[in-house]
Every structure is written in C-alpha cells, then in structure tokens.
Amino acid sequence: MNTAGKVGLYALGLAVVFGGSLGLGSVLGEPAPAPQPTGHAAAHATASPAAPAASAAHGGHGDHGAAGTTARLHTPGGLQVSEKGYTLNPLTTVKAGEPTDFRFTITGPDGEPVTGYQVLHEKKLHLIVVSRDLATFQHLHPEQTGDGVWSVEITLDDPGAYRAFADFAPAGGDPLTLGADLLVAGDYEPKALPEVSRTAKLGDYTVTLTGDLVPGRDGKLTLSVRKDGRPVTDLQPYLGAYGHLVALRAGDLAYLHVHPDGEPGDGRTTSGPEITFHTTVPSAGNYRLFLDFKHDGKVRTADFTVEAGAGQPRPTAAPDDHSAQGHDHGHGDHKH
Ligand SMILES: [Cu+2]
C-alpha cells in the first residue's frame, strides 16, 4: 500500500476512536465536550498534509473529523438486523440438539442477495452465534452455495433465544455486523451471567486477562495462555492472528470491534504466551469476551466476564490524554 493510503487509514482510525468518545457523552446524557486538541491528533493534523483526507476516507459516517463540530452517536455493531441497506435474513429454523444446515442471505440495498464480499481475517463472512444469556458461543465460517445463499452446519444444544451475528464487508462497501435472533423451541432455563473473572480454565489450558476497559477510551487487553502451568509460546495463526476476540455487552449483546495488536510475521508479534487486543467499550457495565486461539492444531475458546469502568470514573472534563499513550494504530485494521 502506498504511503497516502496508509495515512488515510491511520486518520480513519483516529476519527473512529474520536467519534466513539464523543458518542459516549451523548449516551450518558451529558453534553458532548467540544473536541479537545490532543497531542497525537494535533501533531497528526499539523504534521500530515494528508489529514484532511480523513473526512473523505470516513465517508458515510457523518462529519466528525478532528476539526468536526458534529458529534454523532456511533451505534455499536450487531444490534440491528438491517443497516445501511443490508439485511440479514435467516432461512432456517433450528431445532434443539439437531445438527442443522443453517442457511441465510444478506440482501443489499437493491433487495437482492449479495454475492460479492471482501475477505476479512481470511474469510468472506464470520458467523458468531451466542445464546442470549451469553452462556454459549460458536464462531463459524459458512460457505457460499450460490445465488447469495450462505450455509453452515450448526447444532444448538438447548432451547432458548440465540443471537447470530454476520460479520462481513460487501464488495466495495464498509464492514458491517448485522444481528438476528434465532429462537429454538422448547423449555429452557436462562443462565445467570458468569461472574466477573480474569482467569479462564479450559482443559489443560489457563488463560489470564490483564488490562482494563474504560468507556470511551482505547482499552488494551492482554491475554496470556498457559498449558499445564507453563507459558505457551507456540500459538498457531488463526484467521491471520494469534487470537480472535469477540466482545459482547451484557444486556443487549452489542458487538464490539476488537482488533489484534500485531500479526504473525510482522517481526514484533510473538506466538505467545501473550496476545494483545484493542477495543473501546461504549459504556460501563459487564461484557463477555470470547477468545479463540489455536494450539496443537485445534481452535479453543476461552471466555471471560469483564466489568468495564469499575472504579475508574472517567474525567469527562479533563483533556483526553488517550492519544499521548503512543498506541500504534498504524496497521490500519479496525475491523476487530
Ligand atoms: Cu471468523
């Protein structure tokens, strides 16, 4: 990619993060503070003649660049079945405990099933299915069967309400996460949200989580993988990274964008034991995190319940020092 393109993506990243902070004020019912020139943004704006390109690169999201005055609320992904003209249409009813060929389409602004997709994280579409009580999680990769129909075998063990998220980018379009409910008939007992915990045990593996989530701020999460008490240093790439993290807000299952810090082969990212991600939560409260990682040829999932904003009131009137942290957005990947 040429330098101008990189700068454009970089500026886009800043605009997205900045927009998220502004949106927070609106969510909390406070007047959104006027954009504060920060060290990072100011330096960026003065040092880079390409900075004005940010608003162009950010087309379709409204006018809220570094110099923008219009604060717009960014609705988290996954809350809508239809967004920007694209609609997720489940075609199959799933029965409890029966392996099912689950089919669906994504229809586009013209009403026709979309057939052209961009590859993101090595796949054209990622399907995440969770129970609405956030007790179960599946990460699936459906196949295109023709005529815009997607197909994947799925088994939902128990009756209840589930949420399916389609994470994709149509050819020539922006990435989208659409969500649809899947209702599985039968009696069921909703499970209480698992207690807040920074340790997940799965078989011989223990995964520990460090880092905090603070509403409206870039949150760095580091997950450290051990097996039989020893650090795992030979994680295998999965979907172009050493881990894939999905974060969902308890209560409404808002689907957060999480992106890995570094990727295999970039010369600085090690194959464990630590995997680092960045995300920005839109509000305080509980989130469920599901980490997929690959080791010994098998993809494994560690899950956590994390409370965002606990004991860390956000100084809304103070200048935002987020940008002074030197966090590298340079890889330009803000999809996850
Ligand atoms: Cu996927």
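Distance between the pseudo-spin-label points of D234 and V196 (7 Å out from Cα toward the beta carbon): 3.8 nm. Each residue of the stretch 249-259 is assigned a 3J(HN,Hα), and the resulting list reads 7, 5, x, 9, 6, 4, 9, 8, 7, 10, 10 Hz, derived from the Karplus form 6.51 cos²θ - 1.76 cosθ + 1.60 (θ = phi - 60°), x at Gly and Pro.
Output the peptides 106-115, 216-225 sorted from most to least packed, where packing is the average of other Cβ atoms within 10 Å over each peptide's residues. The partial results should precede the final answer.
Values: 106-115: 14.8, 216-225: 20.0.
Averaged packing, sorted descending, gives the order 216-225, 106-115.
Take H141: with every protein chain present and a 1.4 Å probe, its accessible area is about 40 Å².
Taking all protein chains together and a 1.4 Å probe, the residues V299, V152 rank V299, V152 from largest to smallest accessible area. Each Lys or Arg adds one and each Asp or Glu takes one away; over the other residues whose Cβ falls under 11 Å from the Cβ of A96, this sums to -3.
Under a Cβ-Cβ cut-off of 11 Å, what is the net charge of the residues other than K124 that fall near it, where Lys and Arg count +1 and Asp and Glu count -1?
On the way: positive: K123; negative: E122, E143, D167.
Every neighbour counted, the sum reads -2.
Tell me, rounded to the nearest percent, the portion of alpha carbon pairs in the stretch 113-267 spaced more than 27 Å apart. So the pairs more than 27 Å apart make up 34 percent of the total in the stretch 113-267.
Each other residue within a Cβ distance under 9 Å of K220 adds +1 if Lys or Arg and -1 if Asp or Glu, for a net charge of -3.
Of the residues K227, K123, ranked by 1.4 Å probe accessible area with the largest first, the sequence reads K123, K227. Along the stretch 220-237 the Karplus relation, 6.51 cos²θ - 1.76 cosθ + 1.60 evaluated at θ = phi - 60°, assigns HN-Hα couplings of 9, 10, 10, 10, 10, 9, 10, 10, 6, x, 9, x, 8, 10, 10, 4, 9, x Hz to successive residues, with x for each Gly and Pro. Is any residue of the stretch 83-124 close enough, with backbone N under 15 Å, to a label point placed 7 angstrom from the Cα of V299 along the Cα-Cβ axis, and if so, which? So the set is 120-124. Here's the list of lysines a cross-link from K201 could span, going by alpha-carbon distance under 22 Å and ignoring same-chain residues fewer than 8 apart: K191, K220, K227, K294, K298.
The values are calculated or read from the model by the stated rules, or taken from the named source; none is laboratory data. The structure presented is a predicted model; accordingly, all values stated were derived computationally and were not measured. Cβ coordinates were reconstructed from backbone atoms using ideal geometry, including for glycine residues, and neighbour counts include every protein chain displayed. What goes into the accessible areas is simple: the full protein's heavy atoms, side chains included, and nothing from ligands, DNA or RNA. Shrake-Rupley method; radii C 1.70, N 1.55, O 1.52, S 1.80 Å.
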